[in-house]
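Chemist: First, the structure itself, so that you have it in front of you.
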Amino acid sequence: MGEEEIRTLAEAVREESAERGLRLTTGHFTDGALDLTGEDGHRHIHLVDGDGVRELAHTHLGLPLAAGR
């Protein structure tokens with residue numbers, strides 16, 4: 001998932017006057033997308049990739065999800 005999707009989410013968050021945005025993917029984010037969320041104007045955007053989804057499922061739901069490759 002790339003920068004354009006993160007910019008679109010950030011714009012939607014601003015338009016809705018929300019405090020934060022969250023983007024989940026079962027895949028991975030590009031380096032550009034990760035770098036973008038480190039910039040001042042995008043720090044309110046939080047990203048969770050496939051590894052993070054598996055960790056959350058295991059920690060909070062007790063589900064041992066396997067990575068599909």
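Chemist: Out of the residues in the stretch 23-37 that are among the small types (Gly, Ala, Ser) and loosely packed, with under 15 Cβ neighbours inside 10 Å, state the one that is farthest from Glu55 (Cα to Cα).
Modeler: Gly32
Chemist: Quick check: anything in the stretch 38-46 open to solvent by less than 100 Å² (accessible area, probe 1.4 Å) and among the basic types (Lys, Arg)?
Modeler: no
Chemist: Counting only residues that are open to solvent by 80 Å² or more (accessible area, probe 1.4 Å) and touching a strand residue (DSSP E or B) at 6+ places or on another chain (Cβ under 7 Å), which one in the stretch 7-22 is nearest to Ala66 (Cα to Cα)?
Modeler: Ranking the candidates gives Leu22 first.
The values are calculated or read from the model by the stated rules, or taken from the named source; none is laboratory data. Keep in mind that this is a model prediction, so the values were computed, not measured. Cβ: placed from backbone, ideal geometry, glycine included. Neighbour counts: every protein chain shown. Remember, those area values only see protein heavy atoms, side chains included, never the ligands or the DNA or RNA. Shrake-Rupley method; radii C 1.70, N 1.55, O 1.52, S 1.80 Å.
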